[in-house]
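Participant: This is the structure I have questions about; it appears just below.
The values are calculated or read from the model by the stated rules, or taken from the named source; none is laboratory data. Everything numeric here is computed off the predicted structure, so don't read it as measured data. Counting neighbours? That spans all protein chains shown, and the Cβs are built from the backbone with ideal geometry, glycine included.
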Amino acid sequence: MKERIQELKAVARRGPRADKADGETAVLAKIAEMPEPDRAMAKRLHAIIKASTPALSARPWYGMPAYAKNGKVVCFFQSAQKFKTRYATFGFSDAANLDEGAVWPTAFALKELTAAEEAKIGALVKRAVS
């Protein structure tokens with residue numbers, strides 16, 4: 001929560017000068033702070049998300065890399081090390097357009113990224129912003 005408060009204060013200080021570059025810089029800084037292997041996964045996810053959905057803008061969210069459309073966070077990456085869990089998490093918020101029937105997943109555990117997982121994530125992110 002402390003990180004979220006700092007994020008909100010930073011946005012308030014920048015005011016109308018805030019732009020996509022500020023969020024991108026902050027997200028890349030958060031990724032750089034992560035220990036391996038989370039850093040490598042976060043870098044790869046960042047590249048996948050930026051390539052598959054340029055409409056999303058990067059911004060930190062509760063100290064995690066997140067990607068938003070029209071100011072609303074659509075998806076985020078949660079480091080395993082930060083929360084002392086055995087796997088990292090790639091998740092979607094309620095702003096994501098992933099509704100499928102009465103039940104659908106909103107978060108995925110990540111141990112590693114292979115080409116198959118990268119393709120699945122790219123497709124999910126595209127669908128989430130459609």
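Participant: Counting just the residues of the range 32-42 that are assigned to a helix (DSSP H, G or I) and under 12 Å from residue 88 (Cβ atoms), which one comes out nearest to the chain's Cα centre (by Cα)? Lay out the reasoning, then the answer.
Facilitator: Initially, the range 32-42 is screened for residues assigned to a helix (DSSP H, G or I), giving 32-33, 38-42.
This time we only want the ones that are under 12 Å from residue 88 (Cβ atoms), so: 38-42.
Working: 38: 13, 39: 13, 40: 14, 41: 11, 42: 8 Å.
Looking at residues that are assigned to a helix (DSSP H, G or I) and under 12 Å from residue 88 (Cβ atoms), I get 42.
Participant: Which condition number in (1) surrounded by 11 or more Cβ atoms within 10 Å (Cβ to Cβ); (2) over 20 Å from residue 129 (Cβ atoms) is the one that residue 93 fails?
Facilitator: Result: residue 93 passes all but (2).
Participant: If you check 62, 87, which single one turns out to be among the hydroxyl-bearing types (Ser, Thr, Tyr), out of contact with any His (no Cβ under 6 Å at 6 or more places or on another chain) and modelled with pLDDT of 95 or more? Step through it out loud before you land on a result.
Facilitator: On the way: 62 fails: modelled with pLDDT of 95 or more.
Unique residue meeting the criteria: 87.
Participant: In the range 42-95, how many are more than 19 Å from residue 109 (Cα to Cα), among the hydrophobic types (A, V, I, L, M, F, W, C) and in contact with an Asp or Glu (Cβ under 9 Å, 6 or more places away or on another chain)?
Facilitator: Going through the range 42-95 one residue at a time, the tally reaches 1.
Participant: Given the conditions (1) buried (at least 20 other Cβ atoms within 10 Å of the Cβ); (2) at pLDDT 95 or above; (3) out of contact with any helix residue (DSSP H, G or I) (no Cβ under 8 Å at 6 or more places or on another chain), which single one is not true for residue 42?
Facilitator: All conditions pass for residue 42, except number (3).
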